[in-house]
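Novice: For reference, the structure I am asking about is given below.
The values are calculated or read from the model by the stated rules, or taken from the named source; none is laboratory data. Here the structure is a predicted model, which is why all the values come from computation and not from measurement. Cβ sites come from the backbone with ideal geometry, for glycine too, and all protein chains shown count toward neighbours. We work out accessible area using only protein heavy atoms, side chains counted, and drop any ligands, DNA or RNA first. Shrake-Rupley method; radii C 1.70, N 1.55, O 1.52, S 1.80 Å.
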Amino acid sequence: MNERILELFQETPEAYVSGEEISRRLNVSRTAIWKHIEELRAAGYEFEAAPRKGYRLVSKPDRWQVSKLLAGLKTKVLGQKVHVYGAVDSTQTIAHALVASGAQEGTIVLAEEQTAGRGRMGRAWHSPSGKGIWMSIVLTPRVPVYFMPQLTLLSAVALCRSIQKVCQVEIGIKWPNDLLIKGKKVSGILLESSGEDERLKYVIAGIGISVNLTTEDYPEALRNIATSLAIESGQVISRELLVQTFLLEFEELYALYMDKGFAPIRLLWEALSVTLKRPIRTSSPSGFIEGIADSLDDSGALTVITSSGEKVRIYSGDIELK
């Protein structure tokens, strides 16, 4: 039914269509029409309603254009196999299932919407329809399990550099992998893995980017701590271009990492950091740790110098910038 309603609006673009006409042509009640209009609004379609005129279709949700995405892709491995979905619980769940079915390295999963998007430490990730990049990437790095934090930092570097290129915004990395613009979060990165004999069998890199969300798209509780690339750049961003740019950047850094190790990635991360040389606070099993964030160590842990001069390494968790 929703498709038939959209067809009516497409017959006369920009014009109002009365509820009475829709009711007559589709042989449904006015109440049913209202219900379907609300369903379309929830899916990202915007309608304007006016008394005695009816409804006018103002805008359609952005949809993934796979042919456009593949045509501009310059990678050799990443993104050569693409699975695109409408609404899913999480692209991570889909990617794990694809690996179990034999999916190869470089396979990516894209969704228009996540109904149960996952962030770090079990948090939910706000992923409305057609407004962001909700993506998972299958990787099979031949490295030990304990190198996972390095891959997380690599992902943050690749994404930060890609956003700088495409959107020309001032963006930086809060340890370990939060991307911030003016102190507000714009992206989430979650790596999940499976290991065997202390080596990684595969890694699923989950990437969530708030691309074209407006302020109204955020729940009230998130408006002071989250933002989007469109809000900060003042323009609508091509999701296909950003994915193409990110996958190429990731592939090049991934190759550098596999060849030269973590050292060059660490230097790039430190150059993009908004954490280093600032006072931070975090919790640990033994209590709170406060000090100056100094550097990354060889494993990717954050080295903090406390007021007593002691060097403490933080391997996981959240930090508060003071």
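Novice: Pairs under 6 Å by beta carbon, first residue open to solvent by 80 Å² or more (accessible area, probe 1.4 Å) in the range 28-47, partner in a strand (DSSP E or B) and hydrophobic (A, V, I, L, M, F, W, C), six or more apart or different chains?
Specialist: Listed pairs, sorted by first residue: Glu46/Val58.
Novice: Looking at Thr107, Thr93, can you tell me which residue is in contact with a strand residue (DSSP E or B) (Cβ under 9 Å, 6 or more places away or on another chain) and open to solvent by less than 10 Å² (accessible area, probe 1.4 Å)? Outline the logic, then answer.
Specialist: Working: Thr93 fails: open to solvent by less than 10 Å² (accessible area, probe 1.4 Å).
Going through Thr107, Thr93 in turn, the sole match is Thr107.
Novice: Still on this model: Report yes if Leu98 is buried (at least 17 other Cβ atoms within 10 Å of the Cβ) and either at positive phi or at pLDDT 90 or above (or both), otherwise no.
Specialist: Numbers: buried (at least 17 other Cβ atoms within 10 Å of the Cβ): yes; either at positive phi or at pLDDT 90 or above (or both): yes.
So Leu98 passes the test.
Novice: Please go through the range 55-71 and pick out each residue that is open to solvent by 30 Å² or more (accessible area, probe 1.4 Å) and either over 30 Å from Glu20 (Cα atoms) or of a type in the set (Lys, Arg) (or both).
Specialist: Result: Arg56, Lys60, Arg63, Gln65, Val66, Ser67, Lys68, Leu70, Ala71.
Novice: Still on this structure, I have one more. Just for the range 53-96: of the residues that are more than 20 Å from the chain's Cα centre (by Cα) and free of Cβ contacts under 8 Å to residues at least 12 places away in the same chain, which one is nearest to Trp134 (Cα to Cα)?
Specialist: Residue satisfying both the conditions and the ranking: Ser67.
Novice: Look at the range 5-27 and say how many of its residues are open to solvent by 100 Å² or more (accessible area, probe 1.4 Å) and either of a type in the set (Asp, Glu) or in contact with a helix residue (DSSP H, G or I) (Cβ under 6 Å, 6 or more places away or on another chain) (or both).
Specialist: Total meeting the criteria: 4.
Novice: Report yes if Val88 is open to solvent by less than 30 Å² (accessible area, probe 1.4 Å), over 26 Å from Val203 (Cα atoms) and either among the aliphatic types (A, V, I, L, M) or in contact with a His (Cβ under 9 Å, 6 or more places away or on another chain) (or both), otherwise no.
Specialist: Values: open to solvent by less than 30 Å² (accessible area, probe 1.4 Å): yes; over 26 Å from Val203 (Cα atoms): no; either among the aliphatic types (A, V, I, L, M) or in contact with a His (Cβ under 9 Å, 6 or more places away or on another chain) (or both): yes.
So Val88 fails the test.
Novice: Scan Ile225, Ile189 and give me the residue that is in contact with a helix residue (DSSP H, G or I) (Cβ under 7 Å, 6 or more places away or on another chain) and closer than 22 Å to Gly317 by Cβ.
Specialist: Details: Ile225 fails: in contact with a helix residue (DSSP H, G or I) (Cβ under 7 Å, 6 or more places away or on another chain).
Every option except Ile189 fails the conditions.
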